[in-house]
1. Subtracting the Cα-Cα distance from 0.36 nm times the residue separation, let me have the gained length for Asp73 to Gln111 in nm, one decimal.
2. Counting only DSSP beta bridges with both residues in the chain, tell me the antiparallel percent, nearest 5.
3. So what are the radius of gyration and Dmax for the Cα set of region 1-52, in Å?
4. With every protein chain left in place, what is the accessible area of Asp73 in Å² (1.4 Å probe, nearest 10)?
5. Within the accessible area of the chain, what % is carbon and sulfur when the probe is 1.4 Å and the other protein chains stay in place?
6. Normalised by the residues of the chain, what does the relative contact order come to in percent, with Cα pairs under 8 Å and at least six apart?
7. Measuring with a 1.4 Å probe in the full set of protein chains, what accessible area per residue, in whole Å², belongs to the chain?
8. Along the Cα→Cβ direction, 7 angstrom out, place labels at Lys87 and Gln3. What is the inter-label distance in nm?
Amino acid sequence: QVQLVESGGGLVQAGGSLRLSCAASGRTFRPYAMGWVRQAPGKEREFLAAISWSGGSTYYADSVKGRFTISRDNAKNTVYLEMYSLKPEDTAVYYCAADFAASAEYDSWGQGTQVTVSS
């Protein structure tokens, strides 16, 4: 599978903003869609947002609509997640993932980047 590498996580104060990046390796990167998923300690993975690679259509979970924005730069094989008005409950490991088969399931995952929001 393609290698995905997330970056941009860190510690931020509540109400602050953070921009995550996910870069894909390989000469050719043509997924159907890219998405962001997070997992907090002791909790299940939570889908956040997705974007189609060709058309750029976006979809957001209700919990992050209006606060998170997903985007991509096809030339850089990179997907981004801009997060605003961060809350302590946003604290989690954030993963990017690629869907190559339009299967509603992700085929490749990054290693994750930690986002910690302090009160």
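1. Fully extending the segment from Asp73 to Gln111 adds 11.7 nm.
2. Working: 37 of 42 bridges.
In the chain, DSSP labels about 90 percent of beta bridges as antiparallel.
3. 13.4, 39
4. 50 Å²
5. On the way: 2930 of 6290 Å².
Carbon with sulfur: 47 percent of the solvent-accessible area.
6. Values: 293 pairs, mean separation 43.0, N = 119.
Over the chain, the number comes to 36 percent.
7. Details: 6290 Å² over 119 residues.
For the chain, the solvent-accessible area averages 53 Å² per residue.
8. 3.7 nm
The values are calculated or read from the model by the stated rules, or taken from the named source; none is laboratory data. The structure presented is a predicted model; accordingly, all values stated were derived computationally and were not measured. Cβ sites come from the backbone with ideal geometry, for glycine too, and all protein chains shown count toward neighbours. When the accessible area is computed, the model is the full protein with side chains, heavy atoms only, and any ligands, DNA or RNA have been set aside. Shrake-Rupley method; radii C 1.70, N 1.55, O 1.52, S 1.80 Å.
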